[in-house]
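Asker: Sending over a structure as structure tokens; questions will come in a sec.
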Amino acid sequence: MSEKDANPSAKESNPSANQTLVGGELFGRWEQLRGREGTVVGVTAIFVALFPWLFARAPVVSDILQGYQSLATLILIWGIFAIGFDLLLGYTGLLSFGHAAFWGGAAYASGIVAKNISGDPIVMVVSGTLFAILLAWLLGFLSLRRGGIYFSILTLAFAQMMYFMAASPLAFLTNGENGLTGVDVGSLFGVIHLEADIPSIGGMLLGTWLYAFVGVLFVAAVATAYRILNSPYGMVFRAIRENEQRAEFVGLNVWRYKLMAFIISGAFAGIAGSLFTIHGAYVPLQSLFWTESGDIVVMTVLGGAGSMFGPVLGVGVYLYIENIVSTIQVLTIPFTDIVLIQDFGYYWHLLLGIVFVAVVWIVPDGLWGMIGRVRTFVSERMGGER
């Protein structure tokens, strides 16, 4: 008989061992639950509910982050865009440099519908998304005839064609270089003004009805993407990414699946572009420019391509540096008045470049990959101590 068996109260005499055991059991249960669809959607909903409060209104935390409500909404909008783009890049292995066509095209479509037909937010989202789906079908049908870098260049060329068409030949619709102004966003269901604050505790957490509207679509986007990726379609997308020729050898119509991935990705971009118009009540011509396509590529790779929430994390870091860090005038040593850099915000592009290079060099699977490695380390330690 071992000493532990001879002394049943040994565990009780060691509280730290009991705490470790309980912690290991809880962590093990979480590992079993975290991959389930209900858990993913539930955690996403909790994040959406708490994010604007922590970012813009929570004591101490919001003072450190210096966030604000509008930026929290914008992060979710770009997050929808990034989730859809990652379905194409991270899971299917297709790099598009022309996704600004769907983002900006949907933004213009929803804005034109709002000015001429109806400013109902749902009508705007539906019209912009339908336009993006049709455009993705057309451009995908043409671009996917070629692969590799040729596909990427074709998508870039088509997007730039749309940019120059919006700038001049279609200026009577798009207002040319001035962007589409005078977009009148109506009330949701005819009674809810999106810019109004939500009453009671909902207002403290979520802030405005606009954020709640965007948050619902963000959770729906996560649920849809998760369902797609865990369906036979998602398995085929991964097979194409890993080895396109082998996928063809087993009888799969690779071109058709790639086209579907392109269309689905375009649909997500269309939802995000429509929400972008609702958020700003304005569509800049810049939304069709190639830099918008480049931004979403950087966000996705920075956060971690091929992961559900990595691109969203990349969006948050990118937009935070662009909108918060860029406003810092003087960088000082913490808790002192010693100035390190004057006009620090002016160099935010340089800072973003340094962060991007460091992440790609140290953790090629992005910031979410870094979090995954920490989780694996903790899991191994918990498993070993149990």
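The values are calculated or read from the model by the stated rules, or taken from the named source; none is laboratory data. Bear in mind that the values here come from a model prediction, so they are computed numbers and not experimental data. Positions of Cβ are generated from backbone atoms using ideal geometry, with glycine treated the same way; all protein chains shown enter the neighbour counts. All accessible areas refer to the heavy atoms of the entire protein, side chains included, with ligands and DNA or RNA removed. Shrake-Rupley method; radii C 1.70, N 1.55, O 1.52, S 1.80 Å.
Asker: So in region 286-324, with the set limited to residues that are open to solvent by less than 20 Å² (accessible area, probe 1.4 Å) and over 14 Å from the mean Cα position of the chain (by Cα), which one is nearest to PHE356 (Cα to Cα)?
Answerer: Among residues in region 286-324 that are open to solvent by less than 20 Å² (accessible area, probe 1.4 Å) and over 14 Å from the mean Cα position of the chain (by Cα), the one nearest to PHE356 (Cα to Cα) is ILE321.
Asker: For ALA272, only one of the following conditions fails: (1) closer than 15 Å to TRP103 by Cβ; (2) surrounded by fewer than 16 Cβ atoms within 10 Å (Cβ to Cβ). What is its number?
Answerer: (2)
Asker: Could we say that ILE278 is open to solvent by 10 Å² or more (accessible area, probe 1.4 Å), in contact with a helix residue (DSSP H, G or I) (Cβ under 6 Å, 6 or more places away or on another chain) and in contact (Cβ under 8 Å) with a residue 40 or more places away in the chain here?
Answerer: So ILE278 fails the test.
Asker: For the condition open to solvent by 10 Å² or more (accessible area, probe 1.4 Å), assigned to a helix (DSSP H, G or I), closer than 30 Å to SER187 by Cβ and touching a Phe, Trp or Tyr at 6+ places or on another chain (Cβ under 9 Å), what is the one hit in ILE122, ILE112?
Answerer: Going through ILE122, ILE112 in turn, just one is open to solvent by 10 Å² or more (accessible area, probe 1.4 Å), assigned to a helix (DSSP H, G or I), closer than 30 Å to SER187 by Cβ and touching a Phe, Trp or Tyr at 6+ places or on another chain (Cβ under 9 Å): ILE122.
Asker: Would you check if there is a residue in region 227-245 being surrounded by 15 or more Cβ atoms within 10 Å (Cβ to Cβ) and under 14 Å from the mean Cα position of the chain (by Cα)?
Answerer: no
Asker: Can you find a residue that is over 25 Å from the mean Cα position of the chain (by Cα) and in contact (Cβ under 8 Å) with a residue 60 or more places away in the chain anywhere in region 132-144?
Answerer: yes
Asker: Within region 26-48, is there a residue that is among the aromatic types (Phe, Trp, Tyr), open to solvent by 50 Å² or more (accessible area, probe 1.4 Å) and either modelled with pLDDT under 90 or assigned to a loop (DSSP other than H, G, I, E, B) (or both)? Explain how you work it out, then say what you get.
Answerer: Applying the first criterion (among the aromatic types (Phe, Trp, Tyr)) to region 26-48 yields 27, 30, 47.
Those left that are additionally open to solvent by 50 Å² or more (accessible area, probe 1.4 Å): 30, 47.
Applying the additional criterion that residues be either modelled with pLDDT under 90 or assigned to a loop (DSSP other than H, G, I, E, B) (or both) yields 30.
Yes, the conditions are met somewhere in region 26-48.
Asker: Out of the residues in region 74-107 that are open to solvent by 10 Å² or more (accessible area, probe 1.4 Å) and aromatic (Phe, Trp, Tyr), state the one that is nearest to LEU210 (Cα to Cα).
Answerer: Within region 74-107, the match that is nearest to LEU210 (Cα to Cα) is TRP78.
Asker: Can you find a residue in region 329-338 that is polar (S, T, N, Q), open to solvent by less than 80 Å² (accessible area, probe 1.4 Å) and modelled with pLDDT of 90 or more?
Answerer: No, region 329-338 contains no residue that is polar (S, T, N, Q), open to solvent by less than 80 Å² (accessible area, probe 1.4 Å) and modelled with pLDDT of 90 or more.
Asker: Something else now. Considering region 246-269 alone, what residues qualify as being open to solvent by 30 Å² or more (accessible area, probe 1.4 Å), on the phi < 0 side of the Ramachandran plot and not hydrophobic (A, V, I, L, M, F, W, C)?
Answerer: Hits for region 246-269 are ARG246, GLU248, ASN253, ARG256, TYR257.
Asker: Now for a separate question. Kindly indicate whether LEU142 is over 21 Å from THR174 (Cα atoms) and out of contact with any strand residue (DSSP E or B) (no Cβ under 9 Å at 6 or more places or on another chain).
Answerer: Values: over 21 Å from THR174 (Cα atoms): yes; out of contact with any strand residue (DSSP E or B) (no Cβ under 9 Å at 6 or more places or on another chain): yes.
Yes.
Asker: Just to check your reading of the model, which residue among MET204, MET162 is under 19 Å from SER293 (Cβ atoms) and in contact (Cβ under 8 Å) with a residue 12 or more places away in the chain?
Answerer: Matching residue, one of MET204, MET162: MET162.
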